[in-house]
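Below: the structure, in structure tokens.
The values are calculated or read from the model by the stated rules, or taken from the named source; none is laboratory data. For clarity, every value in this text was computed on a predicted model and none was experimentally measured. Please note: Cβ atoms are built from the backbone with ideal geometry, for glycine as well, and neighbour counts cover all protein chains shown. The area values use the complete protein model at the heavy-atom level, side chains included, leaving out ligands, DNA and RNA. Shrake-Rupley method; radii C 1.70, N 1.55, O 1.52, S 1.80 Å.
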Amino acid sequence: MDGLPIRAPYTLKAIGDPAVMEPAPRIPGGAADSVSGDGGTLSAVAEDEVRIEATVELSAPEHSRVVK
């Protein structure tokens with residue numbers, strides 16, 4: 001992450017409607033297929049609360065600009 005190696009297992013947390021987010025990785029050709037193709041497994045769990053414990057400073061946009 002950010003150029004540093006990380007070890008399995010990996011946990012990805014996402015914020016959104018669980019009815020949409022939970023099945024999304026299983027779309028044919030999607031994340032679940034990629035993970036299983038590399039010998040891994042993928043599972044999704046809906047939680048009532050998600051804590052964001054790490055953030056990064058955003059750099060200035062390179063290919064866009066803010067329009068107000």
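This table checks each residue for (1) among the small types (Gly, Ala, Ser); (2) part of a loop (DSSP other than H, G, I, E, B); (3) under 14 Å from the mean Cα position of the chain (by Cα); (4) under 26 Å from ASP2 (Cβ atoms).
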| site | (1), (2), (3), (4) |
| --- | --- |
| ALA19 | yes, no, no, no |
| PRO25 | no, no, yes, yes |
| PRO28 | no, yes, no, no |
| SER34 | yes, no, yes, yes |
| SER43 | yes, yes, yes, yes |
| ALA46 | yes, yes, yes, no |
| VAL50 | no, yes, yes, yes |
| GLU62 | no, yes, no, yes |
| ARG65 | no, yes, no, yes |
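Filtering the stretch 4-12 for residues that are without any contact (Cβ under 8 Å) to a residue 12 or more places away in the chain and of a type in the set (Lys, Arg) leaves a non-empty set.
In the stretch 50-62, the residues that are touching a residue at least 24 places away in the same chain (Cβ under 8 Å) form Cβ pairs under 6 Å with partners that are assigned to a loop (DSSP other than H, G, I, E, B) and of a type in the set (D, E, K, R), at six or more places apart or across chains, as follows: VAL50/LYS13. On the stretch given as the stretch 16-63, residues that are open to solvent by less than 80 Å² (accessible area, probe 1.4 Å) and among the hydroxyl-bearing types (Ser, Thr, Tyr) total 2.
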